[in-house]
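Input: a single structure, listed below in structure tokens.
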Amino acid sequence: MCLSCSGTAVELGVLLPHLAGAVIEGVVVAAGLLFVLARAQADTAACPACGAVSGRVHGRYGRRLADVAIGGYRVMIRLTVRRFFCACAGCQRRTFAEQVPGLTVRYGRKTPLLGGVLRDIAVALAGRARSRLAGSLGVPASRQVLLRLVMAAPDPAAPAPRVLGVDLSGVLSHPSVTSPAWARTTVS
């Protein structure tokens with residue numbers, strides 16, 4: 001039975017919007033974990049090197065992705081991923097793995113949603129406190145993982161200065177510098 005088909009698709013789309021590109025085949029609760037069994041929804045995939053769309057399947061394999069906690073359960077997504085042959089003869093890649101938008105990234109073991117939550121925790125807190133908070137939220141992560149996320153996070157954009165001041169006191173006090181007329185005038 002497909003849980004993302006027929007009448008339940010709306011509820012799952014609201015609950016798990018990042019799983020919109022996947023077909024949920026089952027849900028299993030075991031040992032405090034919620035396992036979501038899923039596969040990609042698309043029949044074809046585009047080659048990341050040349051962009052050619054291919055539907056010729058080379059093989060399948062399973063990926064395990066950690067996701068944000070639901071209802072006090074840690075979530076593990078078991079995603080069946082296909083490898084495709086590239087349709088372009090001149091492409092440097094012979095095969096490539098499909099990526100589900102919003103759910104997978106290359107070589108990733110966490111969903112982008114979980115990565116964002118952990119990055120926000122890591123930026124807000126320091127050291128052991130962030131690791132304890134992540135564990136209590138059902139997404140345990142070590143201090144080293146959280147530190148790596150902080151280091152990988154982009155620096156916030158600096159605002160443009162509103163006022164710009166020039167300090168000429170050091171330059172104008174040197175004996176070899178003749179000061180301009182506007183700098184020699186004194187205001188009484």
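Show me the ranking of peptides 126-132, 35-41 by mean Cβ neighbours inside 10 Å, starting with the highest.
Details: 126-132: 14.1, 35-41: 19.1.
With the highest mean Cβ count within 10 Å placed first, the list reads 35-41, 126-132.
Round to the nearest 0.05 the FRET efficiency obtained for residue 76 and residue 128 when R0 = 22 Å and r is the Cβ-Cβ distance.
Details: r = 25 Å, r/R0 = 1.13.
Once rounded, the FRET efficiency stands at 0.30.
Modelling each spin label as a point 7 Å along the Cα-to-Cβ direction, I'd like the residue 92/residue 52 distance in nm, to one decimal.
The two pseudo-label positions are separated by 1.6 nm.
Given segment 21-100, what percent of its DSSP beta bridges are antiparallel, to the nearest 5?
75 percent
What ranking, highest mean first, results for peptides 42-51, 156-165 when packing means the other Cβ atoms within 10 Å averaged over each residue?
Numbers: 42-51: 14.4, 156-165: 5.6.
Result, highest mean Cβ count within 10 Å first: 42-51, 156-165.
Exactly which chymotrypsin sites (Phe, Trp or Tyr not before Pro) in segment 37-124 are in a DSSP loop and have at most 13 other Cβ atoms within 10 Å?
Working: sites: 61, 73, 84, 85, 96, 107; in loops: 107.
Passing sites in segment 37-124 are 107.
Are there trypsin sites (Lys or Arg not before Pro) in segment 42-92 that DSSP puts in a loop and that have at most 14 other Cβ atoms within 10 Å, and which ones? Don't jump to the answer; show the numbers that get you there.
On the way: sites: 56, 60, 63, 64, 74, 78, 82, 83; in loops: 56.
Sparse-neighbourhood loop trypsin sites (Lys or Arg not before Pro): 56.
Which net charge results when you count Lys and Arg as +1 and Asp and Glu as -1 among the other residues whose beta-carbon is under 14 Å from that of residue 106?
Surrounding charge for residue 106 is +4.
Above 18 Å lies some portion of the pair distances; for segment 21-100, what is it as a whole percent of all C-alpha pairs? It would help to have the intermediate numbers written out before the result.
Values: 1507 of 3160 pairs.
Tail of P(r) above 18 Å: 48 percent of Cα pairs.
Express in nm, to one decimal, how much length is gained between residue 61 and residue 41 on full extension, taking 0.36 nm for each residue of separation and deducting their alpha carbon distance.
On the way: separation 20, 0.36 × 20 = 7.20 nm, distance 1.52 nm.
Gain on extension, residue 61 to residue 41, equals 5.7 nm.
Quick check on segment 110-154: what are the equivalent-ellipsoid semi-axes from the Cα gyration tensor, as sqrt(5λ), descending, whole Å?
Working: eigenvalues 38, 31, 13 Å².
Three semi-axes, in Å: 14, 12, 8.
Cα-based Rg of segment 66-150 per 2.2 N^0.38 Å, rounded to two decimals? Each step should come with its number before you reach the end.
Values: Rg = 16.6 Å, N = 85, 2.2 N^0.38 = 11.9 Å.
It is 1.39.
Considering amide H positions built from the backbone, and no H for Pro or chain starts, which residues 5 or more places from residue 73, or on another chain, come under 5 Å of its amide H?
Residues meeting the amide H criterion: none.
No value in this document is a laboratory result; all are computed from the given coordinates. Keep in mind it's a predicted model, so treat the numbers as computed, not measured. Note: ideal-geometry Cβ built from the backbone for every residue, glycine included; neighbour counts use all protein chains shown.
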